[in-house]
Amino acid sequence: MSEEKKIESLQKDGQIFMPDVEKREEAWVGGMDEYEVLHKRALEDPEGYWGERATELLTWFSDFDSVLEADYETPEFKWFSGGRTNVSYNCLDRHLVDGRRNKAALIWQGEPEEDVRVYTYQMLHTEVCRFANVLKKKGVKRGDRVALYMPMIPELTIAMLACTRLGAVHSIVFAGFSSIALQSRIDDSAARVLVTSDAVLRAGKTIALKPNADEALKDCPSVEQCIVVQRGTNDVSMVEGRDSWWHDEINAEDITSECPYEEMDAEDPLFILYTSGSTGKPKGVLHTTGGYLTYAAHTTQHVFDVKDDDVYWCTADIGWITGHSYIVYGPLALGATSVMFEGVPSYPNPDRFWQIVDKFKVNIFYTAPTVIRALMREGEEWTRKYDLGSLRVLGSVGEPINPEAWLWYHKNIGGGKLPIVDTWWQTETGGIMISALPYATPLKPGSATRALPGISAKIVRRDGSPAGPNEGGHLIIDKPWPGMLRTVWGDPERYKSTYFSGFSGAYEAGDGARCDEDGYFWIMGRLDDVINVSGHRMGTAEIESALVAHADVTEAAVVGMPHEVKGETIYAYVTLRSGMEPDDDLLKDLKAWVRKEIGPIATPEFIQFADGLPKTRSGKIMRRVLRKIVEGSDQFGDTSTLADPGVVTDLIEGNRDLI
Ligand code: WT7
């Protein structure tokens, strides 16, 4: 049967991949009966369940007084109140005495093949302490914010853990963001120190990074010091009195490898991570100490079934939440071995991932559907060149994985037998919420399967009433969990209105989904004006406001257009200032403009110049129509409120000319 036919029949008779029963005994949750018992227990007695997990997984300097204090009105959630702990202690110090001192904590594979660094727990501890002392010398104290704008190099992990050692709050800005995006994020969090690097090595090229930092710092009054890691060989200009080299700081005479950790309260802020929302301004999602770490460790253990001897590899960039939770905090809290990779899947050849799996004998591999689709196009020959026999669990995250990609992954990487855990979660949830448990959950390609034990995920209608089986609706979580975000930095109003105002007594995810008769979740995508490009969240409003900031643009509307590899790609409708004629130069100029305003990931793939946009009589742009046009559909629904229906015909023509 052809792949296509297989997929068709699979969808028709709802084919299920049953777990290998023989492997069950080894798995963390040993089957669906055990899952049901655990889930029921966790929902009936959440405080008992999460309290036990927090005690089992973390070391507390003093016990918490209560497990949960929840108030949906304010809203305010406190987990493990009164408990005192430290994240760097839990990720490092305690492993120095539990027999893992000389175990590899971090295996770093640089972009050049010969660049490999392995840090044992002891070595990582030493480096973290030294850098924590550097930060201390710079005046960084508990609660201060430190911005990290760095490539995927070990110093990033070291800087994160150094912040947590001092109780400082890190705010990582993905190195692919532009100086303008960096500036607004630093400014919003009022960071005192910026850690960056001279360059990023990517696909054989050296891309300067420090100039972006310099540009941003022109308008960041809060930043007193900038520490620069040397990664490339390019010339760097250093600002006297503000900038210094990481290696000079670390090697200074008064920097020692002893640095006491701060005893933090469970609810002390741990990090801020900015994410796109439906308005132009990114939200600073705040995670706190005890709940976040408990949840990251708990989900790493349950979902990836990490064993002490395993090599575990999550291919995400630490600039996104996936890297925070599943390269650094979850695995290190468990004392696992985590692989960190600087390069890209396609360079020098589209077999780089499989070569690394073979090289380090990776057991657990976690990546994104967009990567699978891109590698799938290169042909399966690339997967055959290496021995992938060490693999035991495969994971997927970022967007729904289409059955075709699922089957390819399963067959070519999983040898037709490994479980694929399709993990649904968000920056805001801190960790995985809906996912299969390996060797326990029967799998349906394309479904993230069931909510994890203790996670109360529901599909509801707009009025809050429960949706029936297979009826599309809003995905909500109506019980708190330890990894939930605690606020939007500096904007509690937005925290409330975005997440807790839609449905009373519940967290609103912003995704549309359905739940089938077996309780399996099928995520359909964002319900707000957020698009998902290669598993990265982009706010359409953010791109629109970048476009209209250009002198020649009067109006812009951005929508996601279905894309074979990226899931969605960015499609912008632009109206120009009167008298302006669109041409290729302007087109290039606008793309470069968005790159500069936000970063390469936000660059529209298509820009359609239009005389007008479809607006209702009240002046609201009808995005639904714009989305339908890029999907090539003419099912526009009710367009009776449009002020000028003629606009739509023009737009369809313009779209045909472009695609
Ligand atoms: C949005 C969150 C959480 C890590 C990566 C992205 C989409 C994420 C899945 C999945 C279907 C998924 C959702 C979600 N999403 N994972 N397995 N199946 N959709 O984090 O940038 O906060 O984006 O990504 O739409 O809301 P993020």
| message | So if I place +1 on the C-beta of Lys and Arg and -1 on the C-beta of Asp and Glu, and nothing else carries charge, what would the dipole magnitude of the chain be about its Cα centre? I want it in debye, nearest 20. | response | 180 debye
| query | For the residue pair residue 478 and residue 25, what label-to-label distance in nm results when each label sits 7 Å from Cα along the Cα-to-beta-carbon direction? | reply | 4.1 nm
| Ordering of 577-587, 184-194 by packing [mean C-beta count within 10 Å, highest first] | 184-194, 577-587
| request: State whether region 469-543 is rounded, prolate or oblate according to the following rule on the C-alpha gyration tensor (a ≥ b ≥ c being the square roots of its eigenvalues): a/c under 1.5 gives rounded; otherwise a/b larger than b/c gives prolate, and the remaining case gives oblate. | output: oblate
| remark: Once phi for every residue in region 439-447 is put through the Karplus expression 6.51 cos²θ - 1.76 cosθ + 1.60 (θ = phi - 60°), the whole-Hz ³J(HN,Hα) values, with Gly and Pro written as x, are 6, 10, 7, x, 9, 10, x, x, 10
| remark: For region 212-260 the mean separation of alpha carbon contacts under 8 Å (6+ apart) over residue count, i.e. relative contact order in percent, is 32 percent
| Taking the Cβ-Cβ separation of residue 118 and residue 347 as r and a Förster radius of 25 Å, what is the calculated FRET efficiency to the nearest 0.05? | 0.65
| Which percent, nearest 5, of DSSP beta bridges in region 309-396 are antiparallel? | 0 percent
| Rounded to 5, percent antiparallel among DSSP beta bridges of the chain | 60 percent
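Could you order 406, 60, 593 so the one with the most accessible surface comes first? Probe is 1.4 Å.
Sorted descending by solvent-accessible area, the residues read 593, 60, 406.
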| For the chain, which cysteines have no disulfide-compatible partner, meaning no other cysteine Cβ under 4.7 Å? | 91, 163, 220, 226, 314, 515
| query | How would you order 480-490, 341-351 from highest to lowest mean count of nearby Cβ atoms within 10 Å? | reply | 480-490, 341-351
| request: Determine, from the Cβ-Cβ distance of residue 103 and residue 247 and an R0 of 25 Å, the FRET efficiency 1/(1 + (r/R0)^6), rounded to the nearest 0.05. | output: 0.40
| query | Under 15 Å from the 7 Å Cα→Cβ point of residue 33, by amide nitrogen: which residues of region 423-443? | reply | 440-441
| DSSP beta bridges in region 160-235 [antiparallel fraction, %, rounded to 5] | 45 percent
| field | Listed peptides 233-242, 112-121, 294-303 by packing density, highest first (mean Cβ within 10 Å) | value | 294-303, 112-121, 233-242
| task | Give me the number: length gained by fully extending residue 62 to residue 237, i.e. 0.36 nm times residue separation minus the C-alpha to C-alpha distance, one decimal in nm. | result | 58.3 nm
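Find how much the distance from residue 644 to residue 309 grows on full extension, using 0.36 nm per residue of separation minus their present alpha carbon separation; answer in nm with one decimal.
Using 0.36 nm per residue and subtracting the Cα-Cα distance, I get 114.1 nm.
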| Carbon/sulfur fraction of accessible area - region 40-98, other protein chains in place, 1.4 Å, % | 46 percent
| Förster radius 45 Å - calculated FRET efficiency between residue 43 and residue 387 (Cβ-Cβ, nearest 0.05) | 0.60
| task | Once you have the Cα-Cα distance between residue 635 and residue 618, take 0.36 nm times their residue separation minus that, and quote the gain in nm to one decimal. | result | 3.9 nm
| Kirkwood-type radius of the chain, with distances r between different C-alpha atoms, in Å | 25.7 Å
| For region 312-443, with equal point scatterers placed on the C-alpha atoms only and solvent neglected, what are the log10 I(q)/I(0) values from the Debye formula at q = 0.17, 0.21 1/Å, to two decimals? | -0.90, -1.44
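The values are calculated or read from the model by the stated rules, or taken from the named source; none is laboratory data. Bear in mind the structure is a predicted one, so any value in this text is a computation, not a measurement. Don't worry about glycine lacking a Cβ; one is built from the backbone with ideal geometry, like all the others, and counts go over all protein chains shown. SASA here: full protein model, heavy atoms, side chains in, ligands and nucleic acids out. Shrake-Rupley method; radii C 1.70, N 1.55, O 1.52, S 1.80 Å.
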